[in-house]
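Remarks on the structure that follows.
The values are calculated or read from the model by the stated rules, or taken from the named source; none is laboratory data. Nothing here was measured: the structure is a model prediction, and the numbers come from that model. Methodologically, a virtual Cβ is constructed for each residue, glycine included, from the backbone with ideal geometry; neighbour enumeration extends over all protein chains shown.
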Amino acid sequence: MTRKGFIKEDIKSMCERKYDNTYGFVNGFARVERNGKYGFIDTCGKEITELIYDCVYEFENHFAAVMLNDKWGFIDENGNEITPIKYDYVCDFKNGFAGVCINYKWGFIDTHGKEITPNKLPRRKQRGINLYVLLK
């Protein structure tokens, strides 16, 4: 199998070719995959997470959603998990809050991973980037 890596524009440094798949840099980080597991590297080629996740989304507003064993959580730009990996669904952070779902009930967390509202709301729709609409 052909391995992939990155080369910097100035050609002075190159990331070792050790990934099965690489994705473009977004907000300073690239998703990488090896042996079916995902993680992130920074623009210097340093892995900020181990490649342990089943799925990862791009960093948005300084956080990325990560999935492990069919559950979701969030990591920060240092690769630290800010929430337990326990949610059935998650939405990106907007204005300091993210929607999270357990057992089809939605609630919100802040950027520290603290649950701001309990997961009691039956449906959640996101409108634009600034407003969450909660339906009962």
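The set of residues from the range 84-96 being in contact with a Leu (Cβ under 7 Å, 6 or more places away or on another chain) and modelled with pLDDT under 90 is empty.
Here GLU81 meets each of (1) within 18 Å of TYR19 (Cβ to Cβ); (2) surrounded by fewer than 17 Cβ atoms within 10 Å (Cβ to Cβ); (3) modelled with pLDDT of 90 or more with one exception, condition (1). The residues of the range 40-62 that are surrounded by fewer than 21 Cβ atoms within 10 Å (Cβ to Cβ) and not in a loop (DSSP other than H, G, I, E, B), listed by number, are ASP42, GLU47, CYS55, GLU60.
Within the range 63-82, the set of residues being touching a His at 6+ places or on another chain (Cβ under 9 Å) and either more than 19 Å from ILE116 (Cα to Cα) or in a loop (DSSP other than H, G, I, E, B) (or both) comprises GLU77, ILE82. Kindly indicate whether GLY45 is at pLDDT below 95 and under 14 Å from THR111 (Cβ atoms). Taking the combined requirement at face value, the residue does not satisfy it.
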